[in-house]
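Chemist: If you scroll down you'll find the structure; I have some questions about it.
Coordinate-derived values only; no laboratory data. In this text, all values refer to a predicted model and were calculated from it rather than measured experimentally. Ideal geometry is used to build each Cβ from the backbone, glycine not excepted, and the neighbour counts take in all protein chains shown.
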Amino acid sequence: MIPNIGPLEIAIVLIIALIVFGPKRLPELGKSLGRGINEFREGVSKIGDDDKDDEDDDEFDDEPAALEPPPGDDPVVTEIVKEDNRREAEIAKADAAHAADAEPVESEVVPERQD
């Protein structure tokens, strides 16, 4: 068990803290320690309160929110074309234009080799 801590023990701890941290740094440490303790107390006290708040939030989860378009003109539907498809269309147009200008070439058909 933890023995009782009296005023003498507290004074010894404060003197050691003063020696280790110095007189300039000791007030800053006290403030930060006090803030930490207060935040811990608030957090512990809110643990039981969070369960009650969760029950109230379930009332709103039953109905999904209705989505409505903004007022104004009818929406305009546009076609989404990927960049690859656009590039392929440009290449196909360029090939068709070159094919019309090209001269016919005589060639012979070579059968595949069968080994």
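Chemist: Please give, to one decimal in nm, the separation of the simple spin-label points placed at Ile5 and Arg35, each 7 Å out from Cα toward the Cβ.
Modeler: With each label point 7 Å from Cα toward Cβ, the separation is 2.2 nm.
Chemist: Continuing with this model, one more query. Order the peptides 42-48, 9-15 from the highest to the lowest mean number of other Cβ atoms within 10 Å of their residues. Working shown, then result.
Modeler: Values: 42-48: 8.9, 9-15: 10.4.
Final packing ranking: 9-15, 42-48.
Chemist: Additional query: At a Förster distance of 25 Å, what's the computed FRET efficiency of Ile91 paired with Glu112, Cβ-Cβ distance as r, to 0.05?
Modeler: On the way: r = 28 Å, r/R0 = 1.13.
Using R0 = 25 Å, I get an efficiency of 0.30.
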